[in-house]
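This is the structure, below, for whatever I ask next.
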Amino acid sequence: MSEDILNSMQRELKRALEKPVNERHWIMVIDIKKCVGCQACTIACVSENRLPPGVVYRPVLEEEIGKYPNVGRRFTPRPCMQCDAPPCVPVCPVNATHKGEDGIVVIDYERCIGCRYCVVACPYSARTSDFGEYYTSKTPTLQVYEQIPNFEYEKKWDRINGKSPIGNARKCHYCTHRLNEGMLPACVTTCISRVNYFGDRNDPQSTVSKLIASPRIMRLKEEKGTDPQVYYLL
């Protein structure tokens, strides 16, 4: 019986974490042909990051393809592209967004002023704003699970009483808090079809390094010059 790909990627992740942070570069590969549009990855992301209404890090786009009678549907998970030339970075007036040494584009909530220039600049619509809403706000009691601090970027952010990240831009960050503990992103481990692959591009033996050498590989809107670090297998 062959080994589950999650187990091998987990080992690769731990191997990458043994290197200095500037010597690893996290990327994701998504096999569109295997995606069934169940949106388990979207729900897992919402749950893991305790996302409020209106904040989605990983939508799954649906489209009809082909011509009648040979038609079908294609599903495209679309997280943040973690661009190597991110257009969201230079437009920020307070330098709240920056490209990390490990390849992840992150937001400093303490700096962000909520101007949303980055939201407009992103060609992938990968950023949303946190307007302080709660799923149970119109019920008799705001549920406890919605009041638990959001655990992101190694800090616990308290949204209660209008505190950060309310008012700030928010985006996918590859579940950085999980990576730092040696765990794969929630969307990767939850996918029922093993659509998502994650790892270190700088490791030539990693699963993702081998996959991006495939002739099936493509990236979204490469013509924008963003150098996206999420790859798709067609």
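The values are calculated or read from the model by the stated rules, or taken from the named source; none is laboratory data. Predicted model only: the values in this text are computed from it and were never measured. Because the Cβ atoms are built from the backbone with ideal geometry, glycine has one as well, and the counts that use them run over all protein chains shown.
Might you check whether a residue that is at pLDDT 95 or above, in contact with a strand residue (DSSP E or B) (Cβ under 7 Å, 6 or more places away or on another chain) and either assigned to a loop (DSSP other than H, G, I, E, B) or not hydroxyl-bearing (Ser, Thr, Tyr) (or both) occurs anywhere in the range 128-144?
The answer is no, given that none of the residues of the range 128-144 is at pLDDT 95 or above, in contact with a strand residue (DSSP E or B) (Cβ under 7 Å, 6 or more places away or on another chain) and either assigned to a loop (DSSP other than H, G, I, E, B) or not hydroxyl-bearing (Ser, Thr, Tyr) (or both).
Which residues, taken from the range 99-157, are among the polar types (S, T, N, Q), within 20 Å of Met81 (Cβ to Cβ) and surrounded by 14 or more Cβ atoms within 10 Å (Cβ to Cβ)?
Thr128, Ser129
Those residues that are farther than 18 Å from Cys191 by Cβ and either not in a helix (DSSP H, G or I) or not basic (Lys, Arg) (or both), I need them from the range 6-26; list them, please.
Across the range 6-26, the qualifying residues are Ala16, Leu17, Glu18, Lys19, Pro20, Val21, Asn22, Glu23, Arg24, His25.
While we're looking at this one, here's another question. Which residue pairs have Cβ atoms under 9 Å apart, sit 6 or more places apart or on different chains, and have a first residue in the range 7-22 that is surrounded by 13 or more Cβ atoms within 10 Å (Cβ to Cβ) and of a type in the set (D, E, K, R) and a second that is modelled with pLDDT of 95 or more and assigned to a helix (DSSP H, G or I)?
Glu12/Thr207; Glu12/Val208
Which residues, taken from the range 106-125, are touching a strand residue (DSSP E or B) at 6+ places or on another chain (Cβ under 6 Å) and touching a residue at least 60 places away in the same chain (Cβ under 8 Å)?
Scanning the range 106-125 gives a single hit, Ile107.
While we're here: Report every pair of residues separated by at least 6 positions or lying on different chains whose Cβ atoms are under 9 Å apart, first residue within the range 207-234 and within 15 Å of Arg78 (Cα to Cα), second small (Gly, Ala, Ser) and surrounded by 14 or more Cβ atoms within 10 Å (Cβ to Cβ).
Sorted first by the residue in the range 207-234, then by its partner, the pairs are Gln229/Gly103.
Does the range 83-105 hold any residues that are touching a Phe, Trp or Tyr at 6+ places or on another chain (Cβ under 7 Å) and either touching a residue at least 60 places away in the same chain (Cβ under 8 Å) or of a type in the set (Phe, Trp, Tyr) (or both), and which are they?
Within the range 83-105, Asp102, Gly103, Ile104 meet the criteria.
Which of the numbered conditions does Tyr197 fail, given that it passes all the others? Conditions: (1) within 18 Å of Ala40 (Cα to Cα); (2) in a loop (DSSP other than H, G, I, E, B).
(2)
Continuing with this model, one more query. Given (1) in contact with a Leu (Cβ under 6 Å, 6 or more places away or on another chain); (2) modelled with pLDDT under 95, identify the lone condition not met by Arg78.
Condition not satisfied by Arg78: (2).
Please go through the range 92-142 and pick out each residue that is more than 19 Å from the chain's Cα centre (by Cα) and polar (S, T, N, Q).
Once the filter is applied, which keeps residues that are more than 19 Å from the chain's Cα centre (by Cα) and polar (S, T, N, Q), the range 92-142 yields Asn95, Thr136, Ser137, Thr139, Thr141.
Which of the residues spanning the range 204-234 are in contact with a Lys or Arg (Cβ under 6 Å, 6 or more places away or on another chain) and exposed (fewer than 13 other Cβ atoms within 10 Å of the Cβ)?
Leu234
Take the residues in the range 23-42 that are over 17 Å from the mean Cα position of the chain (by Cα) and over 30 Å from Arg73 (Cα atoms), then tell me which one is surrounded by the most Cβ atoms within 10 Å (Cβ to Cβ).
Filtering the range 23-42 for residues that are over 17 Å from the mean Cα position of the chain (by Cα) and over 30 Å from Arg73 (Cα atoms), the one surrounded by the most Cβ atoms within 10 Å (Cβ to Cβ) comes out as Arg24.
Next question. The conditions are (1) more than 15 Å from the chain's Cα centre (by Cα); (2) in a helix (DSSP H, G or I); (3) without any contact (Cβ under 8 Å) to a residue 40 or more places away in the chain, and His177 fails exactly one of them. Which is it?
Looking at each condition in turn, His177 falls short on (1).
Select from the range 43-79 the residues that are free of Cβ contacts under 8 Å to residues at least 40 places away in the same chain, touching a strand residue (DSSP E or B) at 6+ places or on another chain (Cβ under 9 Å) and of a type in the set (Val, Ile, Thr) and write down the one among them that is surrounded by the most Cβ atoms within 10 Å (Cβ to Cβ).
Checked the range 43-79; the qualifying residue surrounded by the most Cβ atoms within 10 Å (Cβ to Cβ) is Val60.
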